[in-house]
Structures are given as structure tokens and as C-alpha cells.
1. Check whether at least one residue in the range 30-47 is surrounded by fewer than 24 Cβ atoms within 10 Å (Cβ to Cβ) and touching a His at 6+ places or on another chain (Cβ under 7 Å), and report yes or no.
2. Against the conditions (1) over 30 Å from Val357 (Cβ atoms); (2) within 15 Å of the ligand (Cβ to nearest atom); (3) out of contact with any strand residue (DSSP E or B) (no Cβ under 9 Å at 6 or more places or on another chain), where does Gly182 fall short? Just the number, please.
3. Give the residue that is farthest from the chain's Cα centre (by Cα), with candidates limited to residues of the range 356-387 that are within 16 Å of the ligand (Cβ to nearest atom) and among the β-branched types (Val, Ile, Thr).
4. Inside the range 300-351, can you point out the residues that are closer than 22 Å to Leu385 by Cβ, among the acidic types (Asp, Glu) and either in contact with a Leu (Cβ under 7 Å, 6 or more places away or on another chain) or more than 13 Å from the ligand (Cβ to nearest atom) (or both)?
5. I'm checking my understanding of the structure. Among residues of the range 153-174 that are in contact (Cβ under 8 Å) with a residue 40 or more places away in the chain, farther than 22 Å from Leu101 by Cβ and away from the ligand (no atom under 13 Å from the Cβ), which one is surrounded by the fewest Cβ atoms within 10 Å (Cβ to Cβ)?
6. Could you tell me which residue of the range 231-256 is nearest to the ligand (Cβ to nearest atom), considering only residues that are among the small types (Gly, Ala, Ser) and out of contact with any strand residue (DSSP E or B) (no Cβ under 9 Å at 6 or more places or on another chain)?
7. For the range 171-198, which positions are in contact with a helix residue (DSSP H, G or I) (Cβ under 9 Å, 6 or more places away or on another chain), aliphatic (A, V, I, L, M) and in a strand (DSSP E or B)?
Amino acid sequence: MDAESYQPSEEHQMLREAIRALADEKIAPRAAEADETEEFPWEVYKDLVASDFHAVHVPEEYGGAGADALAAVIVIEEVARACASSSLIPAVNKLGTVPLLLSASEEIKQHYLPPVARGEAMFSYALSEPEAGSDAASMKTRAVKDGDHYVLNGTKMWITNAGVSEYYTVMAVTEPSAGARGISAFVVEKSDEGVSFGAKEKKLGIKGSPTRQVILENVRIPEWRMIGAPGTGFKTALATLDHTRVTIAAQALGIAQGALDYAIGYVKERKQFGKPIAEFQGLQFMIADMAMKLEAARQLTYAAAAKSEAAMHGATVKDLTFFSSAAKCAASDAAMEITTDAVQLLGGYGYTREYPVERMMRDAKITQIYEGTNQIQRMVMARQLLK
Ligand code: CAA
């Protein structure tokens, strides 16, 4: 695949069939439970690992499946169609490890990527802090050099899969006077002394995926765990998001597809005024609009995935930043509209937990917020266009 050809190949179609079969059989039946109990779906994780769908992007040289960016999108899409919380397993494994793929030493990659590929460890990404959300460069977490070690102190917030992940890419300030150029990236392990986690956030959606603070108190780590050179951590963090905002777009597409598919099935069965409600033109127009918005967002996402793949292989792709923000923004806005309309199409039933569309509507909301709010995405796009 290259930046000019982003249509799924025959292999991509076969991959979609395989992951959809797994999602229908093993993931969808557990989605309501993960939402209701707010427990991480370990059984789903095991099933994803058994089929090698938990971190498909890890290159073959590190023991992974070596799937391209579009394949990763398809896996995340199909898992999210069944369960948005579970789709954060492949998505966050990618988010945590792209900083390594982009910037880390061979030593770090050889050490940390194989356990992820084998399904023995998950990998989260820790950029945000309580006072540094959209303005990520204003972070306060400090990493101070001490001999051949760094000592980290600070609190990272909104960390997806915190506590269940073994490894964390943590951005911290090494040179306070240098602003964004004084931030460095590190690998921190859950078992490092001084690492602890905040209480699970009580969220509107994606309840099966824990979101917690990662608290760092005098965490002493060897200097070889710095990702890239000192002061390059913020660039690595933003370059990572250029690749992974595409995966959030994929998650949004999957949630929206799940809601659309469910609503289509429902309107063909549900009878009012003596006929299936699918025969009413007002509802037909809603269904048509939902599918149109979804397909437009999907094409943009696949184009962004092609650019991500080319950039990952060293090509200069000047518009990757624009495309990844555009895809994330378009797909998440579409998902919010589509899931809201799906609830509408099911009427009172759609508003209850007896049916999955209200969960999908709640899950869709986060895709407009994380990995940069859609206001930040619009700012990023405008900066690219105006510079
Ligand atoms: N790739 C590489 N480098 C980049 C870059 C990119 N896409 N964009 C900017 N940079 C570089 C700039 O060139 C600059 O470096 P130099 O000074 O050497 O030129 C440096 O980064 C700082 O750039 P800016 O001055 O543009 O930075 P800024 O402070 O104005 O912020 C921002 C830019 C776009 C607003 C950024 O802060 C941002 O994206 N904010 C949103 C944060 C975000 O997405 N957080 C989500 C966290 S992940 C998550 O949600 C958790 C989860 O678990 C799911």
C-alpha cells in the first residue's frame, strides 16, 4: 500500500472477515457486561492474543504480525463495531509503542516490543496531566538526571488502560527552561518502584477500559530507557499522534457501523401503523444520511492510514498531520451523529440498556475528546493550511 492506493486489498478484506467473525462470536456477547461491570475484558484480551489481533502493528522483526496501518485500522474498526472498550486493546498498544517505533534505540525496541507482540504485556501512553490537557507542552512531570539514571516525579492523567498495562511511554520535563524542547520521553514499567495508579475514573462510556492517573514518586529508571535524545520527547509525542489519531478514527467508524447495522435490523422488524417502520421515508432518509456520513469518514480514514503507513516507512508525507486530524475529527463527529440517530430510530427502546445503541452513543462521545479534542484537531488542521 502507498499513499496513492488506499483501497483495502484482498488480504485486507480477508482480515476483516476474520476479525469480524471473532468479534461477533466472542466480543459482542461480552460488550454489555464490560460496560455494566466496568471491568477490563480479560477474556476478550485472551481471545485477541490467541488470534494475534491484540497488537497487529508490531513489526515482524520484533515478533509481531507486521500489519500495515490500514490493517490496524480494520482490526480496531471491527473490534469497536462489537465493543468500543475492547478496541482500545489494539489501539492503545499501538499508541504506547509508536513512540518506540519512531524514536527509540534498538535496545529499547528489542526489549519492549516482543512481550507486547506475544501478548504478555500491554503498553499505554502518558502525555496528559491534571493541568496539561490540550496544552500538553505545559506538563510539570519532571525527570532529573542522577548519574546513569533519571528520577521521575509527577502525575499523568487520563491514561487509558492504566493499571492493566505493564509498560508506559511517559513524557517528562528534563530541561525546564526549554519549553517543548525540554521534554523527553521514557519507558516506565508498572513494576518500577514509586509507580502507582489513581482510582478508576467514573466515565460516561468505554467503561471496560480503565482510565486512571499514573503517579510517579521518585521513580528511578536507567537512562537507556529514554526514548530518543533528550529534549525530543514532545516531538515524538506529537509525531505519534499523527499516526494514532487514525486509529481513533477507526474506533469511531467501528462504533458508528455497529449502531447503523443494529438500527437497520431494527427498522426492518419494528412495525407501527401496520408496516415495518423502514417503509417510512423520513426514517429512510435518516438511514441514508447515516451511511453516507460513515462512508465519507471511512474513505478519509483509509487515506490517512495510507499516509501513516508511508510515513512509518520513512517517506516524507507533508500532509499526514492534516489527514490524521481530519480523519479523527470527521469520523468522531460522524460517530456521534450516527449513534445519536440510531438511538432515535429505536425510540424508547434505544434509550434503554436492553439494546446496545445507547452504549454505542455513550462510547462514541470519547472519540471527540481523546487524543486531542476536535477543537484541537481543527486548530492543527488550520495551522497546516495557513503555515
Ligand atoms: N510532529 C512532530 N513535531 C511536531 C508536530 C508533529 N505533528 N507538531 C508540532 N511539532 C513540533 C513543532 O515543530 C515544535 O518544535 P520546534 O520548536 O522544534 O519547531 C514543537 O513540536 C512544539 O510545537 P507547537 O509550538 O506547535 O506546540 P504547541 O504547544 O502550540 O501545541 C498542539 C501543539 C497541537 C496544541 C499540541 O499540544 C496538541 O496536540 N495538543 C493536544 C494534546 C493531545 O492530543 N492529547 C491527547 C493525549 S493522548 C490520549 O488521549 C490518552 C489516551 O490514553 C487515549
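The values are calculated or read from the model by the stated rules, or taken from the named source; none is laboratory data. The structure displayed is predicted, hence computed values, not measured ones. Quick reminder, even Gly has a Cβ in these numbers, built from the backbone with ideal geometry, and neighbours come from all protein chains shown.
1. The answer is yes; a qualifying residue exists.
2. Answer for Gly182: the failing condition is (3).
3. Quick first cut of the range 356-387, residues within 16 Å of the ligand (Cβ to nearest atom) only: 363-387.
Next cut, among the β-branched types (Val, Ile, Thr) only: 366-367, 369, 373, 376, 380.
On the way: Ile366: 10, Thr367: 9, Ile369: 11, Thr373: 13, Ile376: 16, Val380: 18 Å.
Among those that are within 16 Å of the ligand (Cβ to nearest atom) and among the β-branched types (Val, Ile, Thr), it is Val380.
4. Going through the range 300-351, the residues closer than 22 Å to Leu385 by Cβ turn out to be 300-308, 310-311, 315-334.
Next, only the ones that are among the acidic types (Asp, Glu) stay: 319, 333.
The answer is Asp333, and nothing else.
5. Narrowing the range 153-174 to residues in contact (Cβ under 8 Å) with a residue 40 or more places away in the chain: 153-172, 174.
Narrowing further to those that are farther than 22 Å from Leu101 by Cβ: 153-155, 157-158, 163.
When the remaining residues are screened for being away from the ligand (no atom under 13 Å from the Cβ), the result is 153-155.
Details: Asn153: 16, Gly154: 22, Thr155: 18.
Once the filter is applied, the top-ranked residue is Asn153.
6. Looking only at the range 231-256, we keep the residues that are among the small types (Gly, Ala, Ser), and these are 231, 233, 237, 239, 249-250, 252, 254, 256.
From the residues that got through so far, the ones that are out of contact with any strand residue (DSSP E or B) (no Cβ under 9 Å at 6 or more places or on another chain) too are 239, 249-250, 252, 254, 256.
On the way: Ala239: 4, Ala249: 13, Ala250: 13, Ala252: 13, Gly254: 16, Ala256: 18 Å.
Per the criteria, the residue is Ala239.
7. So the first thing to find is which residues in the range 171-198 are in contact with a helix residue (DSSP H, G or I) (Cβ under 9 Å, 6 or more places away or on another chain), and the list is 171-176, 179-189.
Narrowing further to those that are aliphatic (A, V, I, L, M): 171-173, 180, 183, 185, 187-188.
Correct list: Met171, Ala172, Val173, Ile183, Ala185, Val187, Val188.
Residues are listed down the side, and each one gets a yes or a no for (1) in contact with a Pro (Cβ under 7 Å, 6 or more places away or on another chain); (2) farther than 23 Å from Val164 by Cα:
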position: Glu25; (1), (2): no, yes
position: Asp47; (1), (2): no, no
position: Val75; (1), (2): yes, no
position: Ala91; (1), (2): no, no
position: Leu101; (1), (2): no, no
position: Ser105; (1), (2): no, yes
position: Ile108; (1), (2): no, no
